[in-house]
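Below you'll find the structure, written out as structure tokens, and then a few comments.
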Amino acid sequence: MNIRVIFGYLFFLLSIIFGCVQLITLSMSDHLEVIPLILQFFSSSVCLLLASLAAQSGGRTATVVVSATAFSVSFVALLVGGIMAMHGANGIAPVKYVIFLVYGGLFGFFGLAFSLLAGKAIKNEDKKDVLMPF
């Protein structure tokens, strides 16, 4: 396995961990501290961008797993943001909603990109089978 792919998947897992930690602490906090909030969001976003290195792998199963995980994090972020919108009504709630929506959008976009790559891998395998049937 290529070292670039290993680091890509490592950064993807780090972005999932950082994003989940921030979403959990964000939903439980009453007041927001700006500097730690920005640092957590920035580190998660940078890890997600570095995770695009994993897109260089040709493994279809790994791409499907990564896209399913990214869609799951996106769904959870949107779900928790919606629940907070229905139940919470404090002054800082709009900032929390924006952060949840951005996480949902980031991981949703990343999951969509990986699912398109997984579909592209299937088409390439089909072309190889047509060209070399035996």
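Inside segment 17-40, can you point out the residues that are of a type in the set (A, V, I, L, M, F, W, C) and in contact (Cβ under 8 Å) with a residue 60 or more places away in the chain? Lay out the reasoning, then the answer.
In the first step, residues of segment 17-40 are kept if they are of a type in the set (A, V, I, L, M, F, W, C); the result is 17-18, 20-21, 23-24, 26, 28, 32, 34-35, 37-39.
Hits for segment 17-40 are Leu23, Leu26, Leu32, Leu37.
Could you figure out which of (1) more than 13 Å from the chain's Cα centre (by Cα); (2) modelled with pLDDT under 85; (3) of a type outside the set (Asp, Glu) isn't true of Leu49?
The failed condition is (1).
The values are calculated or read from the model by the stated rules, or taken from the named source; none is laboratory data. On a predicted model such as this, the values are computed, not experimentally measured, just so you know. Don't worry about glycine lacking a Cβ; one is built from the backbone with ideal geometry, like all the others, and counts go over all protein chains shown.
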